[in-house]
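Data block below; observations after.
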Amino acid sequence: MKKILLLISLLAIVRLATAQDEAIFSHYNIMPVLINPSAAGFGDVHQFQLNARAQWSGFVDAPTTYSAQYNGPLGNNFGLGLGILTESAAQMNRLRAHLNYAFRFDVSEMVKLSAGFSTEYQQVRLDNGIAAGTFFQEGDQVIEDFMDGRGVFDASLGFFSSFNENTKVGLTFTNLVRSRISNIGTANNESILSYYIFYASHKLNVEELNFSLEPSFLVRNVRDVPSQVDINIKASFLNESLTTGLSYRSLGALGILLGTKLSTFEFYYSYDVFFQNFQKYNDGSHEVTVALSFNRTRQQAPAGKRY
């Protein structure tokens, strides 16, 4: 009985980690590369990001996530991104590293497309202190394997496009490797493209007021997580030097966004409050993103030569 209870606890921890594999951060409507590998280098700038999220702050052992990543152009048609993420929840710790590749091309002066691929490795580890728990039984191979660290590879495939620079649409197929592995030796015939994230946005510019309004929505159906729909509205003022917004999530949450963009520096903060009864036991969720963006230097062709 003790072993069963411990296994249930372990599965709950691992499920919590898996539930946040994709779209961990809610600032994807500002930086789509957070959810789509093909957005790497799409803006033709070199960008460094630091992201931090405290989920259900005030609750004991609530999830906290930190990431650092870079993405930018590689030549005229390629994009590259790489990053590392660390997350803790209860007695579970997860380390994830990923590498994004993207191929960008212009269909016309108004339409740009990109296709990308992401490979990642993540390791889930349980704190050694779990061995001192009441329900731990020495020799339990499942628990000891996780205490030593359980690693897994995965991959994602993405497509991203912009129309007239104001309308953006992205589609990401996630969990490609784990979906394939889970079908081996089972009667599960689900497609490896069963899990996806779809995102679309459109910016409305009011030039005479130096103001823009950008509604967007996201549909997420990823492994081991209830399907989710997000509806966002973002407003920017003074050439995007000031940004604010609201987000509603179908799982029962409302998010408020504030941010600023000054030359190469960007800072965004959001606060989420939940509608479920669980909200009374926590202080909501906090998220911070800091980014530095630099235009790439294009090599000038010598006079009389063309490349």
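FYI, it's all coordinate maths here, none of it is from the lab. Values in this document were obtained by computation on a predicted structure and should not be read as measured data. Cβ atoms come from the backbone with ideal geometry, glycine included; neighbour counts cover every protein chain shown.
Points worth noting:
- Taking label positions 7 Å along the Cα-Cβ direction at both T167 and V219, the computed distance is 1.7 nm, reported to one decimal.
- Per-residue Karplus couplings for the stretch 202-218, computed as 6.51 cos²θ - 1.76 cosθ + 1.60 with θ equal to phi - 60°, are listed in order as 9, 9, 10, 9, 10, 5, 5, 9, 6, 9, 9, 10, 10, x, 7, 8, 9 Hz, Gly and Pro entered as x.
- Other residues with beta-carbon under 14 Å from the beta-carbon of S216 carry, at +1 per Lys or Arg and -1 per Asp or Glu, a net charge of +3.
- Rough spin-label spacing in nm, given labels placed 7 Å along Cα→Cβ, for V107 and N295: 2.7
- Distance in nm between pseudo-label sites at R150 and D127 (7 Å out along the Cβ direction from Cα): 1.9
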